[in-house]
Amino acid sequence: MRQVMDYIEMKIPAKPDYVGVIRLTLSGIASRMGYTYEEIEDMKIAVSEATTNAVQHAYSTEEGGEVTLGFGIYEDKLEIMVADSGVSFNFVQTRNELRPYTESSTVEQLSEGGLGLYLIETLMDEVRVLNHSGVTVFMAKYLSGERENNGTTATTHEAN
Amino acid sequence: MNLSIDVKEGNEKISVMLAGEIDAFTAPSLREELLPLAEGYNKTMVVNLKDVSYLDSTGLGVFVGLFKKLKEDGGELRLIELSDRLKRLFEITGLGNLMNIGN
């Protein structure tokens with residue numbers, strides 16, 4: 001497995017008001033990495049769905065508090081974790097604890113936001129759900145072969 | 001990151017023009033605005049989505065609610081001018097087959 005190159009973590013209050021802020025952040029990270037417009041739009045929906053679920057879930061608990069998002073930036077993919085516990089997580093440890101998503105693990109969410117989870121699964125390359133003290137949704141999208149040239153263009157001048 | 005909702009009530013139809021993003025934040029206001037209009041309405045509600053730049057399952061949920069309400073009271077919901085992105089969303093969720101998605 002390739003190493004995480006960079007990791008970005010954000011916390012938002014568990015309110016729908018900030019789901020749009022998450023989309024903007026994701027959009028910035030993904031376009032920096034070279035994803036296409038279509039891929040970025042797909043990821044925006046998937047991440048919004050997960051964040052909306054987390055906001056609703058966190059909001060219904062006594063804590064009421066925060067939703068934590070982690071963006072793991074790799075050379076060839078972007079991993080996103082959305083946790084409703086509001087507790088900072090150890091990215092690598094949490095990632096290794098994740099198991100494949102099964103029908104039974106998300107029945108509760110399917111009844112309320114089934115379409116949302118369906119969209120996450122359809123739009124992302126990998127989706128897993130970890131259910132312990134809270135719910136953590138993990139998703140990943142691989143960079144396609146065709147990268148958009150988004151970085152600086154290096155021009156080489158040969159000195160005579 | 002807001003949603004503007006412009007409603008014009010004519011004799012034969014209700015025309016709704018939406019602009020902006022429909023997500024968990026804006027969907028409740030959309031539902032509050034449109035669902036009462038659909039109540040007992042037996043004509044056509046036309047919703048123009050040309051300027052909707054973002055839509056997810058919360059927005060789809062509002063349209064499903066409107067669709068059901070209008071249908072049960074003898075009315076009809078028509079969604080028009082969807083971008084390719086939005087069309088795709090209706091297609092992959094299967095809603096495109098159930099609902100009237102026009103150009």
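No lab work stands behind these numbers, since they all come straight from the coordinates. If you're wondering where the values come from, they're calculated on a predicted model, not measured in any experiment. Methodologically, a virtual Cβ is constructed for each residue, glycine included, from the backbone with ideal geometry; neighbour enumeration extends over all protein chains shown.
Residue order for A:L143, B:L98, fewest other beta carbons within 10 angstrom first, comes to B:L98, A:L143. Where both bridge residues fall in chain B, DSSP classifies roughly 30% of the beta bridges as antiparallel.
Using a cut-off of 20 Å between Cα atoms, the listed pairs A:K15/A:K77; A:K44/B:K68; A:K15/A:K44; B:K43/B:K87 include A:K15/A:K77; A:K44/B:K68; B:K43/B:K87 as exceeding that distance.
Taking 19 Å as the cut-off, the amide N atoms of the stretch B:46-61 that come nearer than this to a point 7 Å along the Cα-to-beta-carbon line of A:L24 belong to B:52-56.
When you filter the GluC sites (Glu not before Pro) in the stretch B:10-51 for DSSP loop state and at most 15 other Cβ atoms inside 10 Å of their Cβ, you are left with B:E12, B:E39. Each of A:R23, B:R85 was scored by other Cβ atoms within 10 Å of its Cβ. Arranged with the fewest first, they read B:R85, A:R23.
With both labels modelled 7 Å from their Cα along Cα-to-Cβ, the A:V4 to B:E33 distance reads 4.0 nm.
Take the Cα of A:E121, step 7 Å toward its Cβ, do the same at A:K77, and the gap between the two points is 1.8 nm.
Under 5 Å between amide hydrogens, built in the peptide plane, is the criterion, and for A:E126 it picks out A:A140 among residues at least 5 positions away or on other chains. Partner aspartates and glutamates whose Cα lies under 14 Å from the Cα of A:K141, excluding those fewer than 8 positions away in the same chain, are identified as A:E38, A:E39, A:E41, A:D42, A:E75, A:D76, A:E79, A:E121, A:D125, A:E126.
A crude spin-label estimate for the pair B:K50 and A:K15, with each label 7 Å from Cα along the Cβ direction, gives 3.4 nm.
In order along the stretch A:13-22, the phi-based Karplus estimate (6.51 cos²θ - 1.76 cosθ + 1.60, θ = phi - 60°) of 3J(HN,Hα) comes to x, 6, 9, x, 3, 9, 4, x, 5, 5 Hz; Gly and Pro are listed as x.
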